[in-house]
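Rule-based calculations on the coordinates, nothing more; no lab input. Quick caveat, the model's predicted, so the values are computed rather than measured. Note: ideal-geometry Cβ built from the backbone for every residue, glycine included; neighbour counts use all protein chains shown.
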Amino acid sequence: MIREPCIRALQDAMKSGRATARQLVSGYLDRIDAIDRHGPQLGSILELNPDALSLAEQLDAERETRGPRSPLHGIPILLKGNIATADRMTTTAGSLALAGSIPKRDAFVATRLRQAGALILGKANLSEWANFRGKNSISGWSSQGGQTRNPYDPARSPCGSSSGSAVAVAANLCTVSIGTETDGSIVCPAQTCGIVGIKPTVGQVSRAGIIPIAHSQDTAGPMARTVEDAAIVLNAIAGVDPQDPSTEAARGLPVDCADLLNPNALRGARIGIARNYFGAHREVDRLMELCIKQLESLGAILIDPANIETAGAWHDSEMEVLLYEFKHDLEAYLARLGHDAPASSLREIIAYNSAHTDEVMPYFGQELLELAQAKGPLTDRTYVEALEKSRRLAGADGIDATLARDRLDAIVAPTGGPAWLIDTVHGDYGISGCSSPAAVAGYPHVTVPAGFIDDLPVGISFLGTAWEDAKLIRFAYAFESATQARRPPKHAP
């Protein structure tokens, strides 16, 4: 098998007969057993699809008789453990409170992938409840799956909440994966594990069938080793879905940018440097200065500084929105599960956790669940005002104002810092990144590997306004093409 094979290389191998989907699945299953379950024990997989090999054989037979459905035909992909599949796998968000839960239908994302001929290899571990349970949480830990570990140093955090999705891609346990983000949950683990992560504009990808945190910020997105692979996956999962009204705004918008990728895309582009996201780590800043020089060498017109002046001003209002929407959206999800649901309300989940503290809460509590339970309906004035404030400060007065002020095509900042040591006593203490503006505004955010600090990967982020996903992806591709900063983790050879 090709070292770190990309989608196009695997398709060429299957087209020529040098490989089959069954061989790919078998190879990944062996590698998962050797590296994820044994060896460094990365813990990135919650469960494997028991039908993976038979599905691969069906896809191989279809290729022989009718040809491939899309560039994803026969490509093994992992879904984050909060994305519903109506098969023999469960959907739990990593929580034992939802153990055994099998939804009646696939999430829209899973449906789109199956239609494209992708093979769902399994479910990836995650920070339990997508990192919305306790105040001193540990990224990559769930009561169902235990601790996910960074493949560049298993003593260090993978970040979260799409921890397993990132680790599995980085360690070559799958070709590509799907993560979800509310604020940082795709881009942080992507950069901490040295891969590409795309957090799309909210509405580009349907959230139907995904265990939620907050509908104003939630989105699914691709995680891959290359920008091109991530773009191919985004094209497959994007689309209008009547079950998610936010996708109606994307009707008629082109999303297929995989064939428009251009290594010269940065030439003449006006790129702003958000210096107010620098200063947290000296070596990160040093690496970013090299990246800035690279952007300039690629023909970008740099505006430096181009600070987002409202940065951080939305923090309190964002949390208020998340608490209100979590209760509302989660209970709507549980109601759709029907009578077979392990729990029917947030109150029942809190009660389950309290009754099973040794298994569910050995390291941190459920303060966020309890705070959410205390919130009222989405008609509360407190919620309405918090939503307006956070969106305005991050969007119109934040990213949009910065773009307009300096006539920018995109904003660049360090995605975050190198992975920190896993700490079961104090919880996470990583360097904060630049995820919040795009997350709170619902705008696109692309992170791509920028380099290494003491053998730990760090990413660079491209931010823009709503529906400019393709532009950011093209910029990230141009940067990636010139730098080729990614290298495989030594702990997952």
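From the alpha carbon gyration tensor of the stretch 157-288, can you work out the equivalent ellipsoid semi-axes (sqrt of 5 times each eigenvalue) and give them in Å, largest to smallest?
Working: eigenvalues 121, 75, 54 Å².
The equivalent ellipsoid of the stretch 157-288 has semi-axes of 25, 19, 16 Å.
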In this model, which of Lys123/Lys471; Lys104/Lys327; Lys327/Lys389; Lys104/Lys375 are farther than 25 Å apart at the alpha-carbon?
-> Lys123/Lys471; Lys104/Lys375
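So if we plug the beta-carbon distance of Ala86 and Ala332 into 1/(1 + (r/R0)^6) with R0 = 22 Å, what FRET efficiency do we get, rounded to 0.05?
On the way: r = 18 Å, r/R0 = 0.83.
Result of the calculation: an efficiency of 0.75.
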In square nanometres, what is one fourth of the surface area of the convex hull spanned by the alpha carbons of the stretch 148-217?
-> 4.7 nm²
What residues of the stretch 431-475 lie in the reach of a label at Glu283, counting those whose backbone N is under 14 Å from a point 7 Å from the Cα along Cα→Cβ?
-> 431, 451-459
Pop a pseudo-label 7 angstrom from the Cα along the beta-carbon direction at both Asp380 and Ser344 and give the gap in nm to one decimal.
-> 2.4 nm
What size of dipole, in debye to the nearest 20, comes out for the stretch 7-483 about its Cα centre when the only charges are +1 on Lys and Arg C-beta atoms and -1 on Asp and Glu C-beta atoms?
-> 820 debye
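Roughly speaking, what is the stretch gain from Leu253 to Ala401, that is 0.36 nm per residue apart minus the C-alpha to C-alpha distance, in nm to one decimal? Intermediate results must be reported in sequence, preceding the final value.
Details: separation 148, 0.36 × 148 = 53.28 nm, distance 2.34 nm.
Here the segment from Leu253 to Ala401 would lengthen by 50.9 nm.
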Glu64 to Asn264: extension gain in nm, 0.36 nm per residue of separation minus the Cα-Cα distance?
-> 68.2 nm
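Semi-axes, largest first, in whole Å: what does sqrt of 5 times each Cα gyration tensor eigenvalue give for the stretch 399-447?
Working: eigenvalues 175, 24, 13 Å².
Taking √(5λ) for each Cα gyration eigenvalue gives 30, 11, 8 Å.
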Roughly how many nanometres apart are two label points built 7 Å out from the Cα toward the Cβ at Leu302 and Gln115?
-> 4.4 nm
Cβ crowding within 10 Å averaged over residues, with 125-131, 474-480, 329-335, 157-163 ranked highest first | 157-163, 125-131, 474-480, 329-335
Kirkwood Rh and Cα Rg combined as Rg over Rh, evaluated for the chain | 0.94
Rough spin-label spacing in nm, given labels placed 7 Å along Cα→Cβ, for Asp454 and His315 | 2.5 nm
Can you tell me the Rg and Dmax of the stretch 1-123, counting just the alpha carbons, in angstroms?
-> 14.8, 47
How much length, in nm to one decimal, is gained on full extension between Glu4 and Ser432, taken as 0.36 nm per residue of separation minus their Cα-Cα distance?
-> 151.1 nm
Please give the calculated 222 nm ellipticity per residue for the chain, where each DSSP H segment of at least 4 residues contributes -39500 (n - 2.57) and the sum is spread over every residue; nearest 500 deg cm²/dmol?
-> -10500 deg cm²/dmol
